[in-house]
Amino acid sequence: MAVGAGRVLRVALILEKSLGRPRQSRALPRPLDMLIATILSQNTSDVNSHRAFTALTGRYGSWEEVADAPLSSIRSLIRVGGMANQKSRRIREVLRTIRARYGRYSLESLRRKKDSDILTELTDLNGVGVKTAACVLLFSLGRDRFPVDTHVHRICNRLGLVKNCPTPEKTFWAMQPLVPKGRGYSFHTNLIRFGRLVCRSASPACDRCPLYAECRWPGRKSRRRKSTGRSRENYTFMLLDNIPA
Ligand code: SF4
């Protein structure tokens, strides 16, 4: 269940005012590259998942070679990204399924399909969830979608943009009709950054939060400090100035 689109728009605009409006690059990665990169990004940092992707694609010149490679080799190349046992098996299985389903190691045929069909086809691959599929839609195919990872899920729930959504997948489906048109990329990207810098899982900086007035999380009150005269917007800028993106 979710609240109205008007409130979601207000939150998106406040974040844009505080953090800017990120624009998507014109050079988008190929969908299969994006799919594998997103699998590698699960439960690790951007830096380590990038290292794992670079090691894998640096050692093997094509996805066909990865699909034929020994699991032990894939595992050791991607170890830096964590969960190497699980991810190596998943990547090889996904590649082989794609070859069997589409006749080649490519997801280019998805470009001609509707978002809903793409979501169905990708989540039908073993180990590919709705977040990974939505990342391919947004970051590779340039569709106006809104992936929900743990940061986005946490913040949407704390803000009260969704109710009774205990999992990121439920939050994803509740949020899709509410995200302002044309703002899937900027809203998602800003929420991720906001979740890392301000609305952190264990120690949210509610006293510096530009969304304080919009927030429905009861715990925010105990984290409110005495006002020093600075606006919350300024606090957020100070915070962002001091923490690398
Ligand atoms: S007030 Fe606190 S809990 Fe609410 S969005 Fe801001 S940082 Fe997160």
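Observations, loosely collected:
- Positions within segment 102-120 being free of Cβ contacts under 8 Å to residues at least 12 places away in the same chain and under 21 Å from R89 (Cβ atoms), in sequence order: Y102
- Checking each residue in segment 210-230 for being at pLDDT 80 or above, assigned to a helix (DSSP H, G or I) and not small (G, A, S) picks out Y212, E214, P218, R220, K221.
- The condition of being open to solvent by 40 Å² or more (accessible area, probe 1.4 Å) and either in contact with a Pro (Cβ under 8 Å, 6 or more places away or on another chain) or at pLDDT below 95 (or both) holds for D241.
- Some residue of segment 115-130 being open to solvent by less than 10 Å² (accessible area, probe 1.4 Å) and among the hydroxyl-bearing types (S, T, Y): no
- Verdict on G142 being surrounded by fewer than 16 Cβ atoms within 10 Å (Cβ to Cβ), within 16 Å of the ligand (Cβ to nearest atom) and small (G, A, S): no
- Hey, L35 under 22 Å from H153 (Cβ atoms), touching a residue at least 40 places away in the same chain (Cβ under 8 Å) and either of a type in the set (A, V, I, L, M, F, W, C) or surrounded by fewer than 20 Cβ atoms within 10 Å (Cβ to Cβ) (or both) or not: yes
- Considering segment 90-166, there are no qualifying helices (runs of 4 or more DSSP H) wholly inside with 1 or more residues that are assigned by TED's automatic domain parsing to the domain that holds L211 and farther than 18 Å from G195 by Cβ.
- Screening T171 with (1) part of a helix (DSSP H, G or I); (2) out of contact with any strand residue (DSSP E or B) (no Cβ under 7 Å at 6 or more places or on another chain); (3) free of Cβ contacts under 8 Å to residues at least 40 places away in the same chain gives one miss only, at (2).
- Condition check for N157: in contact (Cβ under 8 Å) with a residue 12 or more places away in the chain, more than 24 Å from P22 (Cβ to Cβ), open to solvent by 10 Å² or more (accessible area, probe 1.4 Å) and of a type in the set (S, T, N, Q): no
- Any hit, segment 192-202, residues being among the charged types (D, E, K, R), in contact with a Gly (Cβ under 6 Å, 6 or more places away or on another chain) and either within 10 Å of the ligand (Cβ to nearest atom) or at pLDDT 95 or above (or both): no
The values are calculated or read from the model by the stated rules, or taken from the named source; none is laboratory data. These numbers come from a predicted model, not from an experiment. Here the Cβ is made from the backbone with ideal geometry for all residues, glycine too, and neighbour counts use every protein chain on show. Please note that ligands, DNA and RNA were not included when accessible areas were found on the heavy atoms of the full protein model with its side chains. Shrake-Rupley method; radii C 1.70, N 1.55, O 1.52, S 1.80 Å.
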